[in-house]
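Please read the structure below before turning to the comments.
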């Protein structure tokens, strides 16, 4: 790990992420049956969302402005982004929860890297891989069926929004860490963040115009899935880019909150 | 009379973290608003008065009730027992005067008592104010409480069973995830079982998982066929509970014989 100190901070973060991931994989491989079963179970979990959507869709006329193929694409993109964020940050909550419950957070402060960097780079969760595989396969299948009307630009925008979604998830986890350090035992805070983010799991057309405008711009829930899917389905409007701005602003605010909380943190140990 | 004392101790521990208890007052409005928008759109776009027998209000309340049932049944027993086996703390549980089953049950009861008081009751008031449900009566709430109470014990017995399987699998994390998938699809927490094809629905409603969500939800929504169906289903659920408890007893005996602890 010595050579890491010669790199810039982002590069160090990437190296640290891979190092932590490798260590976690080695630990998980000690329980091989559980690990393999966990990967298989991830496929099952991935199927739940599309199954619910299919049942709702087949018993109604679906959502306005979205046909069945487009909804499938939407679901596939949702699985892909959820899988990716799970792989990158899936263990962050568990890590901070354990550190705070056991009073071990102080150790983080003694390490050579910023605590937030340590936390975010320890988020690897391999079970998200199954979701990514299912999401990618579903996306490719949908793209083959309906094409990409926006062409290459559509793919470029798709990847930009995908990165923004990952950034948004990082912000959500920073916020979670902030509250956990503040409250020590957050109980169902993870559920709250999941429920709030669930607003991005549906086409924005289900919301009234005021909320739709808010979610597609300043409160960037639409970045979760709507804009990435829309980018593949056709040219996106300028409002999509205000959602990008909203995402960056949100992450900056969460980082400021974290720094503020860290200053007022008082250790329970001696 | 040690059990009530253990429950009281559990409650004291939970009350040390007051913020967590108030979380539901934040979570539930989010779920409520999302479901209202979602189902209003689905209903208005389809032009139907009901979907698979569920009206707009019933669909909104269905997913509210899924959350209510979690307030009644959720516990960490599978995780707790599994971790005790991995860490070796299971050895200490074997020499305690109170069985691990009773100890974990007291923790689960504490957790759910606080859940009912601080989550279920405020949430049901909140929902009733914003989306009044015409079929909700004291009878439906009573039937719901009884069936959700049975569901609590059944979920606890399932969780304890999964935890005990740690003696054979070492790590039960994946098995816990499998349980969630099964409950979501076969129990009715993901989507009402009536949305599946009729032949499949007829099978699913007879499985034990339906006792966790499907039946309590039906009774709450006033979709049950009177007291006759309620009594029949309650007895059926109790029989399934008996089966799970019996498996737990048998597995516990085998697990204790198999388990080896070191120390001293």
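Every read-out reported here was derived from the displayed coordinates using simple, explicitly stated rules and does not represent laboratory data. All values derive from a computational prediction rather than experimental measurement. Here Cβ is always computed from backbone atoms with ideal geometry, including for glycine, and neighbour counts include all displayed protein chains.
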query: residue A:102 versus residue A:237, label points 7 Å from Cα toward the beta carbon: distance in nm?
result: 5.1
- request: Working from Cα positions, state the angle (0 to 90°, nearest 10) between the long axis of helix A:68-89 and the longest principal axis of chain A.
  value: 10
- line: Inter-part gap, Cα centre of the stretch B:89-103 to Cα centre of the stretch A:37-116, in whole angstrom, is 36
statement: Most exposed first, judged by fewest Cβ atoms within 10 angstrom, B:23, B:9 run B:9, B:23
message: Full-extension gain between residue A:136 and residue A:8, please, as 0.36 nm times their residue separation minus the C-alpha to C-alpha distance.
response: 42.9 nm
query: What is the helix-to-structure angle for A:151-183, meaning the angle in degrees between its Cα long axis and the longest Cα principal axis of chain A, kept from 0 to 90 and rounded to the nearest 10?
result: 40
field: residue A:26-residue B:200 FRET efficiency (beta carbon distance; Förster radius 45 Å; 0.05 resolution)
entry: 0.60
- prompt: How large is the Kirkwood hydrodynamic radius of the stretch A:159-217, in angstrom, based on all distinct alpha carbon pairs?
  reply: 13.1
message: From the gyration tensor of the Cα coordinates in the stretch B:2-258, what semi-axes in whole Å does the equivalent ellipsoid have, largest first, with each one equal to sqrt(5λ)?
response: 34, 21, 17
field: Approximate spin-label separation residue B:33-residue A:264, in nm, with each point projected 7 Å along Cα-to-Cβ
entry: 2.5
- request: List the residues of the stretch B:134-171 whose backbone N lies under 19 Å from a point placed 7 Å from the Cα of residue B:117 along the Cα-to-Cβ direction.
  value: B:149
field: Sorted by Cβ neighbour density within 10 Å, fewest at the top, the residues B:57, B:119
entry: B:57, B:119
- line: Given A:31-41, A:94-104, the highest-first ranking by average Cβ count within 10 Å works out to A:31-41, A:94-104
query: Taking Cα atoms, how many degrees apart are the long axis of helix B:226-258 and the longest axis of chain B, rounded to 10 and kept between 0 and 90?
result: 20
- prompt: What FRET efficiency would be calculated for the residue pair residue A:69, residue A:205, taking the C-beta separation as r and a Förster radius of 25 Å, to the nearest 0.05?
  reply: 0.95
Estimated translational D of the stretch B:170-262 in µm²/s (Stokes, Kirkwood radius over Cα pairs; 10 °C; 1.306 mPa s): 104
message: Ratio of alpha-carbon Rg to the 2.2 N^0.38 Å globular estimate for the stretch A:150-270, to two decimals, please.
response: 1.22
task: Note down the relative contact order for chain A as a percent, whole number, built from C-alpha pairs under 8 angstrom at least six residues apart.
output: 23
query: What do you get for Rg/Rh of chain A when both radii come from the Cα atoms and Rh is the Kirkwood radius?
result: 0.99
- line: Fewest-first ordering of B:227, B:72, B:240 by Cβ atoms within 10 Å yields B:227, B:240, B:72
query: So for the protein assembly as shown, what percent of the C-alpha to C-alpha distances run longer than 31 Å?
result: 51
message: Calculate the FRET efficiency for residue A:248 and residue B:257 from the Cβ-Cβ distance with a Förster distance of 60 Å, rounded to the nearest 0.05.
response: 0.50
query: Considering the Cα trace of the stretch B:109-258, what is its radius of gyration and what is Dmax, both in angstroms?
result: 17.0, 55
- line: Output row, site residue A:111, 7 Å Cα→C-beta label point, backbone N cut-off 14 Å, window the stretch A:7-26, residues A:12-24
